[in-house]
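S.K.: Pasting in a structure now, in C-alpha cells, and then I'll have a few things to ask.
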Amino acid sequence: MKDLKLLIRPNIQALPPFAETVKAFSSSGKQARLDANESPHNAPHNRYPDPAQTAMRDAVAKLTGLRPECICMTAGTEEAIDLVYRVFCTPGKDNVVSVVPTRSIYKARADINDVEFRSIRLEEKFSIKAEKLLSICNQHTKAILLCSPNNPTGNLLQEEELEHLLDNFDGMVVVDESYADFSNSTSIRSQLPRHHNLIVLNSFSHAQACAGSRIGFVLAIPPVTEYFHRTRTPHNISYEAQVQMLDIIGRHFDVDKWVKHMREEKTRVMAAFRHLAYCEEVFPSESNFFLARFKDAQAVYRYLQSKNIAVADCSTLPLCENCLRITIGLPNENSLLLGALRQF
C-alpha cells in the first residue's frame, strides 16, 4: 500500500490527535464537573458519553481478539462508510470502486461526499474477480468497498480474490462484515497483521439484534483508526446505546442461541421456497436473509404486500431480475409467509 500520508486527505492529517480531543472533551473523575455546560440533574443521562469509547473498545477487543487501538466505534456501519470517504477521498477528485449489486449505502454516501463511485457487475454466482476490480482503478482510487456476506445476494466473497486485492491494490480495501456472524467462516480481520491496507467493518444490528441502537465498529491498524477517531464526532454513540452494547456483549449465550435459531429457520424456509412451483431459484446464503428468483417477482411482492407481509423487492438491481430478498424472522412470521405463498 501507499504511505498513509499519500492516501489520507491533508486536512484530515492536520486535525488534532485523538488523544488531544479526548483530553479536551473528558472531565470524568473530577469532583465537580463544571466545564461542559451539562446539567447536574438526571444522572447518568445528563453527562456526555466517554469520547475515548474506552469501555466499548475494550469489550470489542475481547470479542475480536484485537487491541483497543485497532478499534473505532461508529453509529452503525453507515457512519463507518461515511468516514471512509471523509478520511481518504478528496471531494470532486478521488474515487472508490465496488461491485453491483451490493449495499446501496456505498454509492449513496459517495454521492453525498462528492466522490466518484465506480463499479463492475458481479460474476456468475455473484462472485468477484479481483483483476476486473483493479482494472477500473486509477491513481485517484482511494478505496475498494466490498460486503461479505454480500447484501442482497447473501454469499461470501472468495478469500483468494480478496487476498489478491489486498496484495495488489495500493489503496485501502474495505470489507464490510455486517452479516458475517451468521456464517461459519473465519473473519477476514485475522489478516490485519499481514495486510495494513485492510479495513474491516462490523455491526451489532443483526446477530446481536441491536439495530435500534445504531452501533458499528471499524477494525484496522492503529495509524488508520487514529484518523477515524480524529474525524468522527467526539460523542457519536449515545450513553443509552453504549449501555445496550455492553449488555448484549455479556449475553453471548443468548446471541449464539439466536444465531443458531435463525440458521435453522433459514434452512426450513429456503427448503419450502424450493417447492414453490413459481419459484425458479433459491440462492445459497451465509447471512440472515436469502435471495429467491420467481417467474413474476412483482406479482408475488404485490400479493405479499396485500397480506401485510414485507419482503424486499430486488428486481431492479443488476443480476437480480425477478428476485425478492427474504429476511428470516420468528417461526410464526416465517410460517405466515410460507402459508401465504402456498395460497398464491
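The values are calculated or read from the model by the stated rules, or taken from the named source; none is laboratory data. As the structure is a prediction and not an experimental result, all values here were calculated from the model. Note: ideal-geometry Cβ built from the backbone for every residue, glycine included; neighbour counts use all protein chains shown.
S.K.: Of all residues being in contact with a Cys (Cβ under 9 Å, 6 or more places away or on another chain) and in contact (Cβ under 8 Å) with a residue 40 or more places away in the chain in region 289-311, which is farthest from S183 (Cα to Cα)? Just the residue, please.
M.R.: Here is the first cut: in region 289-311, the ones in contact with a Cys (Cβ under 9 Å, 6 or more places away or on another chain) are 291-295, 297, 300.
If we keep only those that are in contact (Cβ under 8 Å) with a residue 40 or more places away in the chain too, we end up with 291, 300.
Details: L291: 16, V300: 29 Å.
Of everything passing the filter in region 289-311, V300 is farthest from S183 (Cα to Cα).
S.K.: Next question. Would you pick out the residues in region 79-118 that are among the β-branched types (V, I, T) and under 26 Å from D3 (Cβ atoms)? Even if it seems obvious, please write down each step before you answer.
M.R.: To start, the set of residues in region 79-118 that are among the β-branched types (V, I, T) comprises 81, 84, 87, 90, 96-97, 99-100, 102, 105, 112, 115.
I81, V84, V87, T90, V96, V97, V115, listed by residue number.
S.K.: Regarding L133, is this residue out of contact with any Cys (no Cβ under 8 Å at 6 or more places or on another chain), within 20 Å of G216 (Cβ to Cβ), buried (at least 22 other Cβ atoms within 10 Å of the Cβ) and of a type outside the set (S, T, N, Q)?
M.R.: On the way: out of contact with any Cys (no Cβ under 8 Å at 6 or more places or on another chain): yes; within 20 Å of G216 (Cβ to Cβ): no; buried (at least 22 other Cβ atoms within 10 Å of the Cβ): yes; of a type outside the set (S, T, N, Q): yes.
The answer is no for L133.
S.K.: Also, I was wondering about something else. Condition (residue is among the charged types (D, E, K, R) and crowded, with 19+ Cβ neighbours inside 10 Å) applied to region 150-159: is it met by at least one residue? If you could, list the steps in order and put the result at the bottom.
M.R.: Step one: filter region 150-159 for residues among the charged types (D, E, K, R), giving 159.
Within this subset, residues satisfying the condition of being crowded, with 19+ Cβ neighbours inside 10 Å are none.
No, region 150-159 contains no residue that is among the charged types (D, E, K, R) and crowded, with 19+ Cβ neighbours inside 10 Å.
S.K.: Show me the helices (runs of 4 or more DSSP H) entirely contained within region 202-276 in which 1 or more residues are in contact with an Asp or Glu (Cβ under 6 Å, 6 or more places away or on another chain).
M.R.: 222-231
S.K.: Continuing with this model, one more query. Inspect region 288-300 for any residue being within 18 Å of T54 (Cα to Cα) and either aromatic (F, W, Y) or touching an Asp or Glu at 6+ places or on another chain (Cβ under 9 Å) (or both) and give the result as yes or no. Walk me through how you get there before you give the answer.
M.R.: To start, the set of residues in region 288-300 that are within 18 Å of T54 (Cα to Cα) comprises none.
No; the residues of region 288-300 include none that is within 18 Å of T54 (Cα to Cα) and either aromatic (F, W, Y) or touching an Asp or Glu at 6+ places or on another chain (Cβ under 9 Å) (or both).
S.K.: So which residues in region 262-283 are touching a strand residue (DSSP E or B) at 6+ places or on another chain (Cβ under 9 Å), under 21 Å from K125 (Cα atoms) and not aromatic (F, W, Y), if there are any at all?
M.R.: K266, V269, M270, A271, R274, C279, E280, E281, V282 - these are the residues of region 262-283 that are touching a strand residue (DSSP E or B) at 6+ places or on another chain (Cβ under 9 Å), under 21 Å from K125 (Cα atoms) and not aromatic (F, W, Y).
S.K.: Residues in region 277-332 that are surrounded by fewer than 21 Cβ atoms within 10 Å (Cβ to Cβ), assigned to a loop (DSSP other than H, G, I, E, B) and not charged (D, E, K, R): how many?
M.R.: Number of matching residues: 16.
Residue-by-condition table, conditions (1) farther than 30 Å from K257 by Cα; (2) touching a helix residue (DSSP H, G or I) at 6+ places or on another chain (Cβ under 7 Å); (3) not β-branched (V, I, T):
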residue	(1), (2), (3)
P284	no, no, yes
V300	yes, no, no
Q305	yes, no, yes
N308	no, no, yes
V311	no, yes, no
T316	yes, no, no
N322	yes, yes, yes
S335	no, no, yes
R342	no, no, yes
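S.K.: Filter region 100-127 down to residues that are surrounded by 21 or more Cβ atoms within 10 Å (Cβ to Cβ) and of a type in the set (A, V, I, L, M, F, W, C) and give me whichever is nearest to Y179 (Cα to Cα).
M.R.: Step by step, filter region 100-127, then rank; the result is F126.
S.K.: Right, next: Just checking, how many residues over region 180-193 are in contact with a His (Cβ under 8 Å, 6 or more places away or on another chain) and either at pLDDT below 95 or aromatic (F, W, Y) (or both)? Break it down stepwise before answering.
M.R.: Here is the first cut: in region 180-193, the residues in contact with a His (Cβ under 8 Å, 6 or more places away or on another chain) are 181-182.
Right, trim to either at pLDDT below 95 or aromatic (F, W, Y) (or both) and you get 182.
Residues flagged as in contact with a His (Cβ under 8 Å, 6 or more places away or on another chain) and either at pLDDT below 95 or aromatic (F, W, Y) (or both) within region 180-193 amount to 1.
S.K.: A further question on this structure: What pairs come up if the first residue lies in region 53-66 and is among the polar types (S, T, N, Q) and buried (at least 21 other Cβ atoms within 10 Å of the Cβ), the second is modelled with pLDDT of 95 or more and in a loop (DSSP other than H, G, I, E, B), and their beta carbons are under 8 Å apart, counting only those six or more places apart or on different chains?
M.R.: Qualifying pairs under 8 Å: Q53/I237.
S.K.: Filter region 40-99 down to residues that are small (G, A, S) and over 22 Å from Y179 (Cβ atoms) and give me whichever is farthest from the chain's Cα centre (by Cα). Outline the logic, then answer.
M.R.: Narrowing region 40-99 to residues small (G, A, S): 43, 52, 55, 59, 61, 65, 75-76, 80, 92, 98.
Now restrict to residues that are over 22 Å from Y179 (Cβ atoms): 43, 52, 55, 92.
Numbers: A43: 33, A52: 22, A55: 21, G92: 25 Å.
The extreme case among them is A43.
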